[in-house]
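No value in this document is a laboratory result; all are computed from the given coordinates. Note that the structure is a prediction, hence the values are computed from the model and not measured. Backbone-built Cβ (ideal geometry, glycine too); neighbour counts: all protein chains shown.
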Amino acid sequence: MSLKIAPSLLSADFAQLRSEIADVERAGADWLHLDVMDGHFVPNITFGPPLVKSVRKATEMFLDAHLMISHPAQYVASFIAAGADMVTFHIEAEDEPREVIARIRGDGAQVGMVLNPDTAAERLEPFLGELDMVLVMSVFPGFGGQSFMPEVLPKIARLRELGFAGEIEIDGGIAPDTAVQAVAAGATILVAGSAIFGKPDRRAAIAAIRAAEQQDQMAG
């Protein structure tokens, strides 16, 4: 799998949302990562399906909606109807995972599940055959300004040992230096917020993160 870069829209200037999306798309982004927080599962509140619908009108890029919310089964249909290509939900959420997977799949979207930093890869073992992607959080969700947690990286190899063959995304504290660690560990999708949207030259920012793949190949 070739490395994909997924800028986190939460770090964009929402007053200039269409131009911000167009800028990272021109700069070489592969996906857009949409951080949905409800103020309950995590302490912050971000946005819901109406904003996803607006984003969908602004781009044809693949939209990964990361639901950091309680009771995701109630809401997945709304996010898919708004234009999400993949819905990613937490194993730590209350709902029975297979119910959520079935609802997402039934509405025609791809399915991802998330592991918080303190959740073992084995928690996902019963569901791995039903997933397109696993997201390994390298910070705790819902809190800004955290540092990358390299201690989560062994989960990537463990997921492969458990038989998972899909995409493995990593989110939290990703910048050019930590991207090298994540790619070396086996991550195939890198989510980056301020490391892309916080830079004046988004093309250079994405290229600097994508260079982790070349470094890994040279090291190998």
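In the chain, the DSSP-assigned H stretches of four residues or longer account for a calculated mean residue ellipticity at 222 nm of -10000 deg cm²/dmol, using -39500 (n - 2.57) per stretch and the full residue count as denominator. Label positions at Asp13 and His71, each projected 7 Å from the Cα along the C-beta direction, are separated by 3.9 nm. Note on the chain: antiparallel DSSP beta bridges, both residues inside, total approximately 5 percent of the bridges counted.
In terms of distances greater than 24 angstrom between alpha carbons, the cross-link table entries Lys57/Lys155; Lys4/Lys199; Lys4/Lys57 yield Lys57/Lys155.
Computed from point charges on the beta carbon alone (+1 for Lys and Arg, -1 for Asp and Glu), the dipole magnitude for the chain about its Cα centre is near 540 Debye. Determine, for Met218, Met61, the number of other Cβ atoms within 10 Å of each Cβ, and report the residues in order from fewest to most. The fewest-first ordering by Cβ neighbours comes to Met218, Met61.
Taking a ≥ b ≥ c as the square roots of the eigenvalues of the Cα gyration tensor, region 1-82 is prolate, since a/c reaches 1.5 or more and a/b is larger than b/c.
I need to check one value: relative contact order of the chain, counting alpha carbon pairs closer than 8 Å and at least 6 residues apart, in percent. Intermediate results must be reported in sequence, preceding the final value.
Working: 436 pairs, mean separation 46.5, N = 220.
Dividing the mean separation by the residue count of the chain yields 21 percent.
With R₀ set to 35 Å, the beta-carbon distance separating Glu96 from Lys199 gives a calculated FRET efficiency near 0.25.
Regarding region 134-219, what whole-number volume in Å³ per residue does the convex hull of its Cα atoms give? Walk me through the intermediate numbers first.
Working: hull volume 8.0 nm³, N = 86.
Hull volume normalised by residue count: 93 Å³.
The simple Förster model, with R0 at 41 Å and r as the Cβ-Cβ distance, assigns Ala207 and Arg160 a FRET efficiency of 0.90.
Around Asp132, with a cut-off of 13 angstrom between Cβ atoms, what is the net charge of the other residues, counting Lys and Arg +1 and Asp and Glu -1? Please report the intermediate quantities before stating the final value.
Numbers: positive: Lys4, Arg105; negative: Asp64, Asp85, Glu130, Glu167, Glu169.
Local charge sum for Asp132: -3.
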